[in-house]
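Okay, structure first, notes after.
The values are calculated or read from the model by the stated rules, or taken from the named source; none is laboratory data. Everything numeric here is computed off the predicted structure, so don't read it as measured data. When we count neighbours, we look across all protein chains shown, and the Cβ atoms used for this are built from the backbone with ideal geometry, even at glycine. Areas reflect the complete protein model, heavy atoms only, side chains present, ligands, DNA and RNA absent. Shrake-Rupley method; radii C 1.70, N 1.55, O 1.52, S 1.80 Å.
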Amino acid sequence: MKKKITVLPGDGIGPEVVQSAVNVLDTVADQFGHEFEYSYAKIGGVAIDEENSPLPSETVRVCKESDGILLGAVGGPKWDTLPGDMRPEKGLLGIRKELNLFANLRPVTAFDSLIEASTLRKEVVKGVDLMILRELTSGLYFGEPKERREENGEQVVVDTLYYKRSEIERIIKQAFELARVRRKKVTSVDKANVLESSRVWREVAEEVGKQYPDIELEHMLVDNAAMQLIRDPKQFDVLVTENMFGDILSDEASMLTGSLGMLPSASIGSTGPGLYEPVHGSAPDIAGQGKANPLATIASVAMMLKYSFGLSKEAEVVDKAVSTVLEQGYRTGDIAAEGETTLSTTEMTEKVIAAMTNQAKVTN
Ligand code: IPM
Ligand code: MG
């Protein structure tokens, strides 16, 4: 199989973790006889510095022509004082919107071998396997107006939580479709006791739910969901929610796995290429030091193989290699217990590739 992949390394630890994931993709290509062709493009702070825009039009063009997009991270203190439209984050929001990537899948899986890395008790975390499905191209992130203005001589500021019914419908449908191949439960998270948008969200969830009688649907208020996620995370299968709620809950949920450095994500639309990125962000405090955990990005390319290319077997090999290295006790700084030896980004990547090679030997 021949596939075109656009690579957007971005800022901070982005380039380091993306390099790891590309090495893993190359190994997949070798092992299974595929051909992956990479085009590199700029996004975020690096694009602001070099092209004076967080999302140059050339980047959008290259992305649209590819079969899948791999992104590192955007942002850093250097660009923090720029106005909203010129921030690195605008590049990421822009590409999500341009490509209509409305469904953001953030699987949260607790690895048995990493149980000790979580700040939560073992019995709470062991066996966690949930999927946060975050609406990604509307809601509070994109609603207009979004502005500062003056009213009666005082500054006022407004962000808008806006949804079209069709936008809610398509993400809720996606949640039911995902639940169907998982444990058949959808938790729709909202703030229906306060927000009108949430009340409509809930109505739509009920309506769509009627088309999926085999799937259990429950509603949960977002504040309660935040609490339940650390009280009893195993009650969840698919959790579907508004853009901003999903952003917050997914960072919270990452700690169930022990580290934000473990969480992959896939952003997909109804047509066109999907975008795959680690949830962790650019981590400027450790950028350029070879300390970053590459596993979230590696797990993200496994999602690319599965969801964009339909290569489930290849995806499994990558996922299995990730759990193998963890079982073997290899750790980067973020998941190491006190006194444990830590590997660098490239060392960890080499271990993953070695585990993939080993699997191939066993099966051949
Ligand atoms: C995420 C990030 C982004 C978001 C930022 C970098 C704009 O936090 O992907 O969760 O808020 O969506
Ligand atoms: Mg976030």
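General observations
- Whole-angstrom gap from the stretch 67-94 to the stretch 297-364, using each part's C-alpha centre: 27
- Mean shadow area of the stretch 100-258, taken as a quarter of the surface of its Cα convex hull (nm²): 10.7
- Of the DSSP H helices in the chain, those whose Cα atoms cover at least 18 Å axially and whose Kyte score averages -1.0 or more: 14-32, 165-180, 196-209, 312-327, 345-363
- Close amide-amide hydrogen proximity is noted between D190 and M220, L221, V222, each under 5 Å apart and 5 or more residues distant or on a separate chain (H modeled in the peptide plane; Pro and chain starts excluded).
- Per atom type, the stretch 222-283 shows carbon and sulfur on 59% of its accessible surface, probed at 1.4 Å.
- Within the straight-line cut-off of under 14 Å between alpha carbons, the aspartates and glutamates reachable from K126 are D112, E116, D232, sequence neighbours fewer than 8 places apart in one chain being disregarded.
- Stokes-Einstein D for the chain, Kirkwood Rh over Cα pairs, 25 °C, 0.890 mPa s (µm²/s): 116
- Greater than 21 Å apart at Cα, pairs in K185/K210; K4/K64; K97/K210; K2/K64; K64/K306; K234/K291: K97/K210; K234/K291
- With all protein chains in place and ligands, DNA and RNA left out, the 1.4 Å accessible area ranks D26, D190 as D26, D190, largest first.
- Gap separating the Cα centres of the stretch 9-54 and the stretch 133-184, nearest whole Å: 29
- Here the chain is treated with +1 on each Lys and Arg Cβ and -1 on each Asp and Glu Cβ, and its dipole about the Cα centre works out to around 920 debye.
- Interatomic Cα distance distribution for the stretch 214-337, bins of 5 angstrom, percent: 2, 9, 16, 19, 20, 19, 11, 4, 1, 0
- Neighbour-limited loop hits for GluC sites (Glu not before Pro), the stretch 10-74 (at most 16 other Cβ within 10 Å; DSSP other than H, G, I, E, B): E65
- Projecting the alpha carbon convex hull of the stretch 83-188 along each direction and taking the average yields 10.6 nm².
- Difference of contour (0.36 nm per residue) and Cα-Cα distance, D112 to D85: 5.5 nm
- With 0.36 nm allotted per residue and the present C-alpha distance subtracted, the M227-E203 stretch has 6.3 nm of extension available.
- Beta bridges per DSSP, both residues in the chain: antiparallel share near 45 percent.
- Per residue, the accessible area of the stretch 58-176 comes to 49 Å², computed with a 1.4 Å probe over protein heavy atoms only.
- In a simple Cβ point-charge model (Lys, Arg +1; Asp, Glu -1; nothing else charged), the stretch 108-260 has a dipole of about 560 debye relative to its Cα centre.
- Phi to ³J(HN,Hα) by Karplus 6.51 cos²θ - 1.76 cosθ + 1.60 over the stretch 129-142, Hz, x for Gly, Pro: 8, 10, 10, 8, 10, 9, 5, 10, 10, 8, x, 4, 5, 10
- Full extension of the chain segment joining E58 with R182 gains 40.8 nm, where the gain is 0.36 nm per residue of separation less the Cα-Cα distance.
- Quotient of Cα Rg and 2.2 N^0.38 Å for the stretch 1-159, N being how many residues it contains: 1.29
- Whole-angstrom gap from the stretch 220-296 to the stretch 102-122, using each part's C-alpha centre: 9
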